[in-house]
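Novice: Right, I'll just put the structure down here and ask away after.
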Amino acid sequence: MSQRVTIDPVTRIEGHLRVDVEVDGGEVKKAWASGQMWRGVETILVGRDPRDAWAITQRICGVCTTVHAIASVRAVENALQMEIPLNAQYIRNMIILAHAVHDHIVHFYHLSALDWVDVTSALQADPGKAAALAESLSSWPGNSKAEFTRVKERLAGFVGTGQLGIFTNGYWGHPAMKLPPDVNLIAVAHYLQALDVQRHANKIVSILGAKTPHIQNVAVGGVANALSIDSQSVLTVERLLAVKGWIDQLSDFVKNVYLIDVAVIGGFYPEWTAIGRGIVDYVSVPDIPLDGKNTRFALPGGHIAAGDLSSFKEISSHDDAYFREGVAESVKHSWYEGGKGPLHPYKGETRPQYTDFDDDGKYSWLKSPTFYDKPMQVGPLPRVLAMVAARHQPTIAYATQALDLVSTVAKTKVGLDALHSTIGRHAARAVACAVQVDELARQWDLLLANMAKGDLTTFNKPLFPKDEVAGVGIHEAPRGVLSHWVVIDDGKIRNYQCVVPTTWNAAPRNEADAPGAYEACLAGTPVAIPDQPLEVLRTVHSFDPCLACAVHVVDTEQRPLVKVKAA
Ligand code: NFE
Ligand code: MG
């Protein structure tokens, strides 16, 4: 007999996501992903000055705080066909990369690791054996017996008081938890260390961006940072040297802790390299521009059809018509006025029309984006597969290292194909993070080398024509492809549409009733205990949902923190 499980809201994500699954024979047969809030930022922008859009759109989200600012200025600059000073590109690139590294570390340890790590089991661990194992895998100084003993005592202290503190309400002891106690202890220690390390990424963003969350230094035409090689200006060499120190510390953690933990956990859950496959049509975009016109990039991106890397079609610039012409959004299953079929974002409409949750009708505030009429998966997995297909050597090296370690722990050969999965999304995120932290160091070098040549320019003034112009700002954000589409008429915004990573992944069914990526990837997920749907959360969390981004909003209703309904 089939059971309906509603998880509303899903926690340890950003925003208000409801997920419904129909469970039969111990696995998910059908799923619905529903965005439960709406804000209308796109509507707020109409009639405003395009130079202000970045500051407003950035408030879409407090998690990916920088990404909407970047996509927005890129959209307006694209409409004006502007060239951006190299220094501005390097500073933006460093902000983008530091933010991504922060986002990925926090997502793995603080938002999703506890789906795989049983905190209470760590109390059975032997700190000496845990240290021997961890030290055999990396040279990270936080892997000592003394450190693991301290963490175990601290944990025993929590549990002894009857309060698990930040670890309350997990599915501890669930039959789907498989890590041995020593590995659980290592992971809990790294969870706590990651809380400390992630600050370094935010310090970089706040020094370069003037504050975080929500940077203040971007402008249509460049950045507002004053550069100088003497000590009088805002971004001095002294401050840049401090930034370099934090980059080095992040690099150490990402390569010696994060990448290794993900691979070890993957090795203990090899069955999860075959669960959560779903949509294997992927799109990512090139990012980290190396010139002022967004035509050369450090990190490639493109389209992969049906999971086949040989089908890779590179998206070569931010003006690439292949990307620009392929995107459309349907509202057939979304709470908006519609009836016109899928619309290209320049023609997009955002007119809310709430009805109830209807399984076969409208059931989400998210629109349903498609690329050449097909739903896509976006995110670190599509990004890594595109970079592998484009023969980006650092990506190939880190992916090989991670998969080899998964194979060693699982005692079976695990190849690239394992990445099309729930655990694969985590592995790809760690691989992407290692690539990004290296690229962050390289952008630092490029900025200093350019300053040393005597170029201190950071801004070109935008000029708005009387005529109508349109532009797209593309950014490979932490959760995947982000695009802002702006139509400007006589210097004022006439239409503004954001097509956001979580909108792609958490989309409801599209015009052809084909499910979105969460929905498709949930099908086949095993569920041992329907009212403790840990496995469903594993697959949903592997995408790193951000609903504020996806529907751009505010929930005016009070909702319970966790509601799991098994019927
Ligand atoms: Ni609010 Fe975001 C990212 C964007 S995802 S987290 O990455 O854009 O929808
Ligand atoms: Mg939108």
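The values are calculated or read from the model by the stated rules, or taken from the named source; none is laboratory data. Please read these numbers as outputs of a predicted model, since none were measured by experiment. Cβ: placed from backbone, ideal geometry, glycine included. Neighbour counts: every protein chain shown.
Novice: Take the range 351-373 and flag every residue that is within 16 Å of ligand 1 (Cβ to nearest atom) and either hydroxyl-bearing (Ser, Thr, Tyr) or assigned to a loop (DSSP other than H, G, I, E, B) (or both).
Specialist: Those that are within 16 Å of ligand 1 (Cβ to nearest atom) and either hydroxyl-bearing (Ser, Thr, Tyr) or assigned to a loop (DSSP other than H, G, I, E, B) (or both): SER364, TRP365, LEU366, LYS367, SER368.
Novice: Continuing with this model, one more query. Looking at (1) closer than 26 Å to ARG12 by Cβ; (2) surrounded by 14 or more Cβ atoms within 10 Å (Cβ to Cβ), which is the only condition GLY162 fails?
Specialist: (2) is the only condition that GLY162 fails.
Novice: Need the failing condition index for THR525 against (1) touching a Ser or Thr at 6+ places or on another chain (Cβ under 8 Å); (2) farther than 24 Å from GLY40 by Cα; (3) of a type in the set (Val, Ile, Thr); (4) modelled with pLDDT under 95, just the number.
Specialist: With (1) touching a Ser or Thr at 6+ places or on another chain (Cβ under 8 Å); (2) farther than 24 Å from GLY40 by Cα; (3) of a type in the set (Val, Ile, Thr); (4) modelled with pLDDT under 95 applied to THR525, the lone miss is (4).
Novice: Which fully enclosed helices (runs of 4 or more DSSP H) of the range 31-140 have 3 or more residues being under 17 Å from GLY221 (Cβ atoms) and out of contact with any Asp or Glu (no Cβ under 8 Å at 6 or more places or on another chain)?
Specialist: Numbers: elements: 41-45, 53-57, 67-79, 86-106, 127-137.
Hits in the range 31-140: 53-57, 67-79, 86-106.
Novice: Would you check which residues across the range 156-204 are over 19 Å from LYS129 (Cα atoms), part of a loop (DSSP other than H, G, I, E, B) and touching a residue at least 24 places away in the same chain (Cβ under 8 Å) and list them?
Specialist: Within the range 156-204, LEU164, ASN169, GLY170, TYR171, TRP172, GLY173, HIS174, PRO175, ALA176, MET177 qualify.
Novice: Tell me which residues, restricted to the range 524-551, are more than 16 Å from ligand 2 (Cβ to nearest atom) and either over 17 Å from TYR171 (Cα atoms) or part of a loop (DSSP other than H, G, I, E, B) (or both).
Specialist: Taking the range 524-551 as the starting set, the residues that turn out to be more than 16 Å from ligand 2 (Cβ to nearest atom) are 524-544.
Passing the criteria: GLY524, THR525, VAL527, ALA528, ILE529, PRO530, ASP531, GLN532, PRO533, SER542, PHE543, ASP544.
Novice: Sticking with this one: Of all residues in the range 285-311, count the ones that are touching a helix residue (DSSP H, G or I) at 6+ places or on another chain (Cβ under 8 Å) and farther than 30 Å from ALA410 by Cα.
Specialist: 14
Novice: Can you tell me which residue is nearest to SER364 (Cα to Cα) among those in the range 518-549 that are within 16 Å of ligand 1 (Cβ to nearest atom) and in contact with a Phe, Trp or Tyr (Cβ under 7 Å, 6 or more places away or on another chain)?
Specialist: Step by step, filter the range 518-549, then rank; the result is TYR518.
Novice: Scan the range 116-144 for residues that are under 14 Å from VAL188 (Cα atoms), surrounded by fewer than 18 Cβ atoms within 10 Å (Cβ to Cβ) and without any contact (Cβ under 8 Å) to a residue 24 or more places away in the chain and jot them down.
Specialist: SER144
Novice: Continuing with the same structure: From THR422, THR355, which residue is of a type in the set (Ser, Thr, Tyr) and in contact with a helix residue (DSSP H, G or I) (Cβ under 8 Å, 6 or more places away or on another chain)? Explain how you work it out, then say what you get.
Specialist: On the way: THR355 fails: in contact with a helix residue (DSSP H, G or I) (Cβ under 8 Å, 6 or more places away or on another chain).
Criteria check complete, one pass: THR422.
Novice: Taking the range 416-455 only, how many residues are surrounded by fewer than 18 Cβ atoms within 10 Å (Cβ to Cβ) and either more than 26 Å from the chain's Cα centre (by Cα) or modelled with pLDDT under 95 (or both)?
Specialist: The qualifying residues number 6.
Novice: Still on this structure, I have one more. Of the numbered conditions (1) within 15 Å of ligand 2 (Cβ to nearest atom); (2) of a type in the set (Ser, Thr, Tyr); (3) without any contact (Cβ under 8 Å) to a residue 60 or more places away in the chain, SER368 satisfies every one except a single condition; which is it?
Specialist: Unmet condition: (3).
Novice: Let me ask you something else. So, in the range 24-47, how many residues would count as being modelled with pLDDT under 90 and hydrophobic (A, V, I, L, M, F, W, C)?
Specialist: The total comes to 3.
Novice: Would you tally the residues in the range 465-486 being away from ligand 2 (no atom under 14 Å from the Cβ), crowded, with 16+ Cβ neighbours inside 10 Å, more than 19 Å from MET376 (Cα to Cα) and not small (Gly, Ala, Ser)?
Specialist: Here the count works out to 1.
Novice: Among the residues of the range 50-86, write down those that are within 16 Å of ligand 2 (Cβ to nearest atom) and either under 18 Å from the mean Cα position of the chain (by Cα) or among the small types (Gly, Ala, Ser) (or both).
Specialist: Of everything in the range 50-86, those that are within 16 Å of ligand 2 (Cβ to nearest atom) and either under 18 Å from the mean Cα position of the chain (by Cα) or among the small types (Gly, Ala, Ser) (or both) turn out to be ALA53, THR57, GLN58, ARG59, ILE60, CYS61, CYS64, VAL67, HIS68, ALA71, SER72, ALA75.
Novice: Test of understanding: among ILE186, ILE229, ILE207, which residue is among the aliphatic types (A, V, I, L, M) and either closer than 30 Å to ALA79 by Cβ or within 23 Å of the chain's Cα centre (by Cα) (or both)? Full working, then the answer.
Specialist: Working: ILE186 fails: either closer than 30 Å to ALA79 by Cβ or within 23 Å of the chain's Cα centre (by Cα) (or both); ILE229 fails: either closer than 30 Å to ALA79 by Cβ or within 23 Å of the chain's Cα centre (by Cα) (or both).
Criteria check complete, one pass: ILE207.
Novice: Shifting gears a bit: So in the range 496-506, with the set limited to residues that are more than 20 Å from PHE297 (Cβ to Cβ) and away from ligand 2 (no atom under 11 Å from the Cβ), which one is farthest from the chain's Cα centre (by Cα)?
Specialist: Filtering the range 496-506 for residues that are more than 20 Å from PHE297 (Cβ to Cβ) and away from ligand 2 (no atom under 11 Å from the Cβ), the one farthest from the chain's Cα centre (by Cα) comes out as ALA506.
Novice: Quick check on this structure: which one of LYS293, LYS362 is within 28 Å of TYR496 (Cβ to Cβ) and either touching a Phe, Trp or Tyr at 6+ places or on another chain (Cβ under 8 Å) or within 16 Å of ligand 2 (Cβ to nearest atom) (or both)?
Specialist: Values: LYS293 fails: either touching a Phe, Trp or Tyr at 6+ places or on another chain (Cβ under 8 Å) or within 16 Å of ligand 2 (Cβ to nearest atom) (or both).
None of the other options fit; the residue is LYS362.
Novice: Shifting gears a bit: Select from the range 402-414 the residues that are part of a helix (DSSP H, G or I) and either under 22 Å from the mean Cα position of the chain (by Cα) or crowded, with 24+ Cβ neighbours inside 10 Å (or both) and list them in ascending order. Don't jump to the end; show me each part of the working.
Specialist: Of all residues in the range 402-414, those part of a helix (DSSP H, G or I) come to 402-410.
Within the range 402-414, ALA402, LEU403, VAL406 qualify.
Table: residues versus (1) hydrophobic (A, V, I, L, M, F, W, C); (2) at pLDDT 95 or above.
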position: PHE464; (1), (2): yes, yes
position: GLY480; (1), (2): no, yes
position: LYS492; (1), (2): no, yes
position: ARG509; (1), (2): no, yes
position: ILE529; (1), (2): yes, no
position: ALA550; (1), (2): yes, no
position: GLU557; (1), (2): no, no
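Novice: Quick check: anything in the range 52-72 over 20 Å from ALA550 (Cβ atoms) and buried (at least 22 other Cβ atoms within 10 Å of the Cβ)? Explain how you work it out, then say what you get.
Specialist: Initial filter on the range 52-72 (over 20 Å from ALA550 (Cβ atoms)): 52, 55.
From the residues that got through so far, the ones that are buried (at least 22 other Cβ atoms within 10 Å of the Cβ) too are none.
No, that holds for no residue.
Novice: Here's another thing I want to ask about it. Of all residues in the range 498-516, which are part of a loop (DSSP other than H, G, I, E, B) and within 9 Å of ligand 1 (Cβ to nearest atom)? Give the steps one after another, and end with the answer.
Specialist: So in the range 498-516, the residues part of a loop (DSSP other than H, G, I, E, B) come out as 500, 506-516.
Answer for the range 498-516, where residues must be part of a loop (DSSP other than H, G, I, E, B) and within 9 Å of ligand 1 (Cβ to nearest atom): VAL500, ALA506.
Novice: I would also like to ask the following. With the structure loaded, tell me whether THR65 is closer than 29 Å to ALA187 by Cα and of a type in the set (S, T, N, Q) or whether it fails that test. Outline the logic, then answer.
Specialist: Details: closer than 29 Å to ALA187 by Cα: yes; of a type in the set (S, T, N, Q): yes.
Considered against the rule, which asks whether it is closer than 29 Å to ALA187 by Cα and of a type in the set (S, T, N, Q), THR65 comes out as yes.
Novice: Take GLN89 and decide whether it is on the phi > 0 side of the Ramachandran plot, at pLDDT 95 or above, more than 16 Å from ligand 2 (Cβ to nearest atom) and not charged (D, E, K, R). Outline the logic, then answer.
Specialist: Numbers: on the phi > 0 side of the Ramachandran plot: no; at pLDDT 95 or above: yes; more than 16 Å from ligand 2 (Cβ to nearest atom): yes; not charged (D, E, K, R): yes.
No, not satisfied.
Per-residue answers, yes or no, for (1) more than 16 Å from ligand 1 (Cβ to nearest atom); (2) in contact with a Lys or Arg (Cβ under 7 Å, 6 or more places away or on another chain):
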| residue | (1), (2) |
| --- | --- |
| GLY47 | yes, yes |
| THR57 | no, no |
| ALA71 | no, no |
| LEU80 | yes, no |
| LEU86 | yes, no |
| GLN89 | yes, no |
| ARG92 | no, no |
